[in-house]
Amino acid sequence: MSQSPPASSSPLEWETDDAFDADEPSPEYSPFRVAVALLLALALLGGSGWWLKGRVIPSASASSLSGGTWFAPYVDTTLTPTYQFQDPSQNPARQTVLGFVVAGRGCQPSWGSAYTLAQADSSLNLSSRIAQYRSEGGDVIISFGGRDHEDLAQACPTVGSLTAAYEQVVSRYRPSLIDFDVEGAALNDPASMRRRAAAVAALVRARGGSRHLGVWITVPAGPGGLPHAAIEVAQTLLADKVVPAGINVMTMDFGQTEPSMARAVLSVATAAQAQVNELFQQYGVRGGLGSRFGVTVMIGENDTPGENLSVAGATQVAGAASARRWGRVSMWSLNRDAQCGSAYAEIGVLSNTCSGALESTLGFSRLFATALGARDGVGAPATTAGVALAPSNAPGPYPQWSPSVPYPPAYKVVRSGEIYQAKWFSQGQDPATVVQYPSETPWQLIGPVLAGSHPPTTTTLPSGTYPAWSPRTSYVQGRRVLFNGLPYQAKWYNVAQSPAASATDPTGSPWTALFTWPGEPPLG
């Protein structure tokens, strides 16, 4: 049931932004903005001009052009291969939406129903990557919900249990903004809407209000704008006296062929913004409404055949966002921001890891990040606030890098308090070496070692599984032994050559380890 504001209610308290009055007519596109946008599109298609010493030119310098609109792409956090959003060469945006936190077992929060919060740290190094991203001047927005899996608001039976689940996530990652992507079954569940609203209200109050924890709502929109259920999601929050930082509409998958996807996006956005403005005004929120509106596009090929947003179309969306003074533009997703196909572009392909559009790598992200700006307080290198880091000489969760060890792709090591992962085979190439371009090093910087990390361990086998290694025994090829409880197999005949040497010289050692350490790729 739709919740309308009580007739006698007084306007809600909120943080004014008189610079953006959305009830004023939207300004026309200036020739300067249009020219800049077109130049950006041409440069992106050419794939040049955006790199400086392997790092993206900070987008904050373009914030004056955008009039306050900021760009935050979504990342599918659990998708394989893991997207390195913390790396400036792979993410030009200064704020990134990480999706999605959903119900795992029961009311426990999880990432994509695949990892608990702890498992996301051990398997995906998520907290370390967030810390690294913040040290580079970025920040993350944690998104709850999404199209797939069960929404926490549906899985948690009470407001208290739902609040506790949200608290686990917010306490761990300490975001200044959170995002609730409400769609699918959750969009038509009034009971879960009320639980979510009450839990979010409690969460925000516990942190001293929305100045300390902002809330965005992300809902689907269609050719007529927002469906009633999407409006009801926002109404339930407003009824609990939580004024969202903004309402973000998903302008994608309209269900029909669109001759101009950009025109369709802007038409839907126009209708939805009028509804959002009216809703806020009903609850006494008057000024700055433009900054409380956001749009998310699906770059390239959409789920509906015949819907494809090109780089040129994205240029139009960026120009409209700036001209209309929207608060936010997002895209789905960074994982997809690359051209499908290698030698020849494959257009119209629907994939989780490429766009199905003609573009240079990161073409959409660079366009939006350069044409739009960063949120206030984001863009300058920052400390890893709220995250305790281990001393640089403390043991990490992976083996310490050694110049004598050959490292295959995907191997993780620790060097000077930082976690690195091998991009390709290497030996003797120090991960801490400063390079001009990312392609010059075989190592991907993951992020800092966090406080509380433990030295790597592996499971030992029971005594008697294999004979214990002895320096007085000769071993033929294929013979297996236990050394300190760990299994090894002889590669060739040897005597008195300890299996311990395989850790530092696996090529020259006559022994092959039949186990892996944390960070080591699985045995082939």
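Odds and ends about this structure:
- Scanning the range 268-300 for residues that are modelled with pLDDT under 95 and of a type in the set (Lys, Arg) yields a single hit, ARG286.
- Residues within the range 147-168 that are surrounded by fewer than 22 Cβ atoms within 10 Å (Cβ to Cβ) and closer than 24 Å to MET331 by Cα, tallied: 4
- So THR236, is it touching a residue at least 60 places away in the same chain (Cβ under 8 Å) and in contact with a helix residue (DSSP H, G or I) (Cβ under 6 Å, 6 or more places away or on another chain): yes
- For the range 123-169, residues that are among the acidic types (Asp, Glu) and in a helix (DSSP H, G or I) total 1.
- Check on ARG174, of a type in the set (D, E, K, R) and more than 25 Å from PRO81 (Cα to Cα): yes
- Residues that are not hydroxyl-bearing (Ser, Thr, Tyr) and not assigned by TED's automatic domain parsing to the domain that holds PRO397 number at least 2 in the following strands (runs of 3 or more DSSP E) confined to the range 433-521: 480-483, 486-490, 511-513.
- Any hit, the range 477-496, residues being touching a helix residue (DSSP H, G or I) at 6+ places or on another chain (Cβ under 9 Å) and closer than 22 Å to GLN119 by Cα: no
Every residue, every condition in (1) assigned by TED's automatic domain parsing to the domain that holds ARG195; (2) closer than 28 Å to GLY356 by Cβ; (3) buried (at least 20 other Cβ atoms within 10 Å of the Cβ), yes or no:
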{"residue": "PRO244", "(1), (2), (3)": "yes, no, yes"}
{"residue": "MET250", "(1), (2), (3)": "yes, yes, yes"}
{"residue": "GLY255", "(1), (2), (3)": "yes, yes, no"}
{"residue": "PRO259", "(1), (2), (3)": "yes, yes, no"}
{"residue": "ASN302", "(1), (2), (3)": "yes, yes, yes"}
{"residue": "PRO305", "(1), (2), (3)": "yes, yes, no"}
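- Only one entry of GLN281, GLN273 meets the criterion of being assigned to a helix (DSSP H, G or I), assigned by TED's automatic domain parsing to the domain that holds PRO220 and crowded, with 23+ Cβ neighbours inside 10 Å, and that entry is GLN273.
- Residue check: ASP376 meets all listed conditions (1) modelled with pLDDT of 95 or more; (2) over 23 Å from PRO259 (Cα atoms) but one, namely (1).
- Residues in the range 426-453 that are closer than 21 Å to PRO397 by Cα and among the aromatic types (Phe, Trp, Tyr): TRP443 alone.
- Residue check for THR251: in contact with a helix residue (DSSP H, G or I) (Cβ under 7 Å, 6 or more places away or on another chain) and closer than 18 Å to GLY146 by Cβ: yes
- Residue within the range 356-363 that is hydrophobic (A, V, I, L, M, F, W, C), under 23 Å from the mean Cα position of the chain (by Cα) and at pLDDT 95 or above present: yes
- Top-ranked residue in the range 326-349 [being more than 26 Å from ALA371 (Cα to Cα) and either modelled with pLDDT of 95 or more or hydrophobic (A, V, I, L, M, F, W, C) (or both); ranked as surrounded by the most Cβ atoms within 10 Å (Cβ to Cβ)]: VAL349
- Out of SER470, SER474, SER463, SER453, sole residue that is touching a residue at least 24 places away in the same chain (Cβ under 8 Å) and of a type in the set (S, T, N, Q): SER453
- Checklist (1) closer than 30 Å to GLU520 by Cα; (2) in contact (Cβ under 8 Å) with a residue 24 or more places away in the chain applied to GLY104, failing item: (2)
- Taking the criterion of being out of contact with any helix residue (DSSP H, G or I) (no Cβ under 8 Å at 6 or more places or on another chain) and surrounded by 22 or more Cβ atoms within 10 Å (Cβ to Cβ), the residues of the range 99-133 that qualify are GLY99, PHE100, GLY104, ASN125, ARG129, ALA131, GLN132, TYR133.
The values are calculated or read from the model by the stated rules, or taken from the named source; none is laboratory data. The structure displayed is predicted, hence computed values, not measured ones. Glycine also receives a Cβ, built like all others from the backbone with ideal geometry; neighbour counts cover every protein chain displayed.
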